[in-house]
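> Take a look at the following structure, please.
The values are calculated or read from the model by the stated rules, or taken from the named source; none is laboratory data. The structure presented is a predicted model; accordingly, all values stated were derived computationally and were not measured. Heads up, the Cβs are rebuilt from the backbone with ideal geometry, glycines too, and the neighbour counts pull from every protein chain shown.
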Amino acid sequence: MNECELLQELSPIAEQLAARHAATCKPWYPHEYVPWGLGRDFDRETGWDPEELAIPPAVRSALFVNLLTEDNLPYYFRTIDRMFGNTGVWREWSHRWTAEEARHSIALRDFMTVTRTIDPWALEDGRMAQMSGGVVPEPTSAVDGFVYVALQELATRIAHRNTGTALRTCLGDHPVGKAGYELINRVAADENFHYLFYRDLTSAALAMAPSLVLPAIERQVREFEMPGTGIPDFKQHASMIASAGLYNMRQHHDQILEPVVLNWWKVASVEGLDAEAEQAREAVVRRIGRIRAAVHRSTDRLASAAPAAV
Ligand SMILES: [Fe+2]
Ligand SMILES: [Fe+2]
């Protein structure tokens with residue numbers, strides 16, 4: 001089965017998954033999550049005061065990177081539209097997904113501006129730099145795309161949740177901590193629904209065309225990086241985020257590679273593989289084993305490093 005035939009075969013499954021998504025992912029309203037009463041005008045002369053809220057630099061890095069990633073939506077849409085096609089359920093899904101993702105950047109920006117959690121001038125300069133570059137990962141096929149987005153949506157859910165918790169913890173009873181926690185968790189809940197769509201689509205694809213899908217899983221596990229290329233000083237931010245435990249290799253292994261790739265997709269026991277896919281299976285199982293051994297040696301620097309091609 002080639003990829004075109006697979007997409008055709010997967011259409012009814014995608015329709016079921018899109019219907020499940022519509023029934024379970026309820027609409028919400030960004031303006032209800034923003035504590036507007038805390039807002040006041042900005043003045044270029046006085047600028048932004050980092051001392052106003054006791055937020056550690058790594059948490060600010062996470063807020064900055066998470067929002068700029070949501071801002072880069074037009075280019076993610078372009079990639080998904082190109083990979084999955086612009087007809088039928090694929091169009092319906094990618095458009096609904098786009099509308100939901102746009103809500104994330106609206107809500108997060110309003111919240112961060114009103115509460116002064118990060119420097120709004122640096123944020124706008126970052127957005128201009130990020131979106132002018134418009135760089136996003138470009139999986140080479142639709143199947144690679146399903147796998148990549150499944151891993152990425154889950155990684156984003158985890159990173160958002162950890163950031164929300166860290167914000168609330170560092171701010172104690174401050175209303176910004178409480179509001180930020182609630183908003184960021186609402187965003188994370190959407191990312192979870194997106195993840196479930198792509199996870200289950202990949203499972204169905206794996207059952208229909210294992211020899212096509214297993215090599216894609218191997219490539220995407222090998223090449224996975226958190227989105228954010230193109231954000232100014234991204235490597236530095238990613239490394240701070242990882243060191244602070246907001247998203248690092250240990251979490252990537254424990255919460256994604258093992259539970260999803262090994263336990264949910266069950267790559268070790270997929271049957272009906274051709275020789276190339278069999279090699280890919282061995283390679284991905286070996287790679288995850290290597291990562292597991294490294295991240296569970298608590299002294300290994302990999303455990304607290306940002307997930308990147310390893
Ligand atoms: Fe999002
Ligand atoms: Fe998402």
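> Just wondering, is there one or more residues in the stretch 95-112 that are modelled with pLDDT of 95 or more and away from ligand 1 (no atom under 16 Å from the Cβ)? Break it down into steps so the answer makes sense when it comes.
Keep residues of the stretch 95-112 that are modelled with pLDDT of 95 or more, which gives 95-112.
Narrowing further to those that are away from ligand 1 (no atom under 16 Å from the Cβ): none.
No, that holds for no residue.
> Only one of Ile256, Ile231 is at pLDDT 95 or above, hydrophobic (A, V, I, L, M, F, W, C) and either within 16 Å of the chain's Cα centre (by Cα) or closer than 18 Å to Asn192 by Cα (or both); which? Spell out the reasoning first.
Working: Ile231 fails: at pLDDT 95 or above.
Within the list Ile256, Ile231, the selection yields Ile256.
> Collect the residues in the stretch 182-235 that are more than 16 Å from ligand 1 (Cβ to nearest atom), on the phi > 0 side of the Ramachandran plot and surrounded by 18 or more Cβ atoms within 10 Å (Cβ to Cβ), keeping them in residue-number order.
Gly230
> How many of the residues in the stretch 1-55 are over 30 Å from Pro210 (Cβ atoms) and more than 22 Å from the chain's Cα centre (by Cα)? If you could, list the steps in order and put the result at the bottom.
Our first condition is that a residue be over 30 Å from Pro210 (Cβ atoms); within the stretch 1-55, this holds for 26-55.
With the extra rule that they be more than 22 Å from the chain's Cα centre (by Cα), the set shrinks to 31-32, 34-55.
Of the residues in that region, 24 qualify.
> Now, a different point. Kindly provide the set of residues from the stretch 119-171 that are among the aliphatic types (A, V, I, L, M), within 16 Å of ligand 1 (Cβ to nearest atom) and farther than 30 Å from Cys4 by Cβ, ordered by number. Walk me through it before giving the result.
Step one: of the stretch 119-171, the residues among the aliphatic types (A, V, I, L, M) are 122-123, 128-129, 131, 135-136, 142-143, 147, 149-151, 154-155, 158-159, 166-167, 171.
Next, from what is left, pick out any that are within 16 Å of ligand 1 (Cβ to nearest atom): 131, 136, 149-151, 154-155, 158-159.
Answer for the stretch 119-171, where residues must be among the aliphatic types (A, V, I, L, M), within 16 Å of ligand 1 (Cβ to nearest atom) and farther than 30 Å from Cys4 by Cβ: Met131, Ile158, Ala159.
> Inside the stretch 90-141, can you point out the residues that are under 30 Å from Ala18 (Cα atoms) and among the acidic types (Asp, Glu)?
Matches in the stretch 90-141: Glu92, Glu100, Glu101, Asp110, Glu138.
> Name the pairs: first residue in the stretch 95-106 and touching a residue at least 24 places away in the same chain (Cβ under 8 Å) and in a helix (DSSP H, G or I), second residue surrounded by 15 or more Cβ atoms within 10 Å (Cβ to Cβ) and among the aliphatic types (A, V, I, L, M), Cβ to Cβ under 7 Å, at least 6 apart or on different chains?
Thr98/Leu73; Glu101/Leu73; Ala102/Leu73; His104/Val187; Ser105/Leu67; Ser105/Leu73
> Filter the stretch 44-69 down to residues that are surrounded by fewer than 10 Cβ atoms within 10 Å (Cβ to Cβ) and either farther than 13 Å from Thr113 by Cα or touching a Cys at 6+ places or on another chain (Cβ under 9 Å) (or both), then give me how many there are.
Start the filter on the stretch 44-69 by keeping residues that are surrounded by fewer than 10 Cβ atoms within 10 Å (Cβ to Cβ), which leaves 44-46, 49, 51.
Next, only the ones that are either farther than 13 Å from Thr113 by Cα or touching a Cys at 6+ places or on another chain (Cβ under 9 Å) (or both) stay: 44-46, 51.
Number of matching residues: 4.
> Quick one: Ala216 ticks every box in (1) under 27 Å from Arg127 (Cα atoms); (2) touching a residue at least 60 places away in the same chain (Cβ under 8 Å) except a single one, so which number is it?
(1)
> Let me ask something else. Looking only at residues in the stretch 56-102 that are more than 15 Å from ligand 2 (Cβ to nearest atom) and polar (S, T, N, Q), which one is farthest from Val147 (Cα to Cα)?
Among those that are more than 15 Å from ligand 2 (Cβ to nearest atom) and polar (S, T, N, Q), it is Ser61.
> Residues being out of contact with any Gly (no Cβ under 9 Å at 6 or more places or on another chain) and outside any helix (DSSP H, G or I): count how many of those fall in the stretch 139-160.
Here is the first cut: in the stretch 139-160, the residues out of contact with any Gly (no Cβ under 9 Å at 6 or more places or on another chain) are 140-141, 143-160.
Cutting the leftovers down to outside any helix (DSSP H, G or I) gives us 140-141.
So the answer is 2.
> Taking the stretch 135-154 as the region of interest, how many residues are closer than 19 Å to Phe234 by Cα and either polar (S, T, N, Q) or in contact (Cβ under 8 Å) with a residue 60 or more places away in the chain (or both)?
4
> May I pose another question? Within the stretch 35-43, does at least one residue satisfy the condition of being assigned to a helix (DSSP H, G or I) and either free of Cβ contacts under 8 Å to residues at least 60 places away in the same chain or not aromatic (Phe, Trp, Tyr) (or both)? Walk me through how you get there before you give the answer.
So in the stretch 35-43, the residues assigned to a helix (DSSP H, G or I) come out as 36-38.
Cutting the leftovers down to either free of Cβ contacts under 8 Å to residues at least 60 places away in the same chain or not aromatic (Phe, Trp, Tyr) (or both) gives us 37-38.
There is at least one residue in the stretch 35-43 that is assigned to a helix (DSSP H, G or I) and either free of Cβ contacts under 8 Å to residues at least 60 places away in the same chain or not aromatic (Phe, Trp, Tyr) (or both).
> Checking Ser132 against (1) surrounded by fewer than 23 Cβ atoms within 10 Å (Cβ to Cβ); (2) touching a residue at least 60 places away in the same chain (Cβ under 8 Å); (3) in a helix (DSSP H, G or I), only one condition comes out false. Which one?
(2)
> Next question. Output the residue which, of all residues in the stretch 137-175 that are buried (at least 22 other Cβ atoms within 10 Å of the Cβ) and among the β-branched types (Val, Ile, Thr), is nearest to ligand 2 (Cβ to nearest atom).
Thr156
> Now for a different question. If Pro259 satisfies every condition in (1) of a type outside the set (Asp, Glu); (2) in contact (Cβ under 8 Å) with a residue 24 or more places away in the chain; (3) part of a helix (DSSP H, G or I) but one, which is the exception?
Result: Pro259 fails condition (2) only.
> Is it the case that the stretch 172-181 has a residue that's within 16 Å of ligand 1 (Cβ to nearest atom) and assigned to a helix (DSSP H, G or I)? So that I can check it myself, show each step before the final result.
Kept after step one, since they are within 16 Å of ligand 1 (Cβ to nearest atom), are these residues of the stretch 172-181: 180.
Add one more test, that the residue is assigned to a helix (DSSP H, G or I), and what stays is 180.
Yes: the stretch 172-181 contains one or more residues that are within 16 Å of ligand 1 (Cβ to nearest atom) and assigned to a helix (DSSP H, G or I).
> Another question, then. Any residue in the stretch 169-196 that's within 17 Å of Pro27 (Cβ to Cβ): show its pairings with residues that are within 14 Å of ligand 2 (Cβ to nearest atom) and of a type in the set (Ser, Thr, Tyr) at Cβ separation under 7 Å, as long as the two are six or more apart or on different chains.
Qualifying pairs under 7 Å: Glu191/Thr156.
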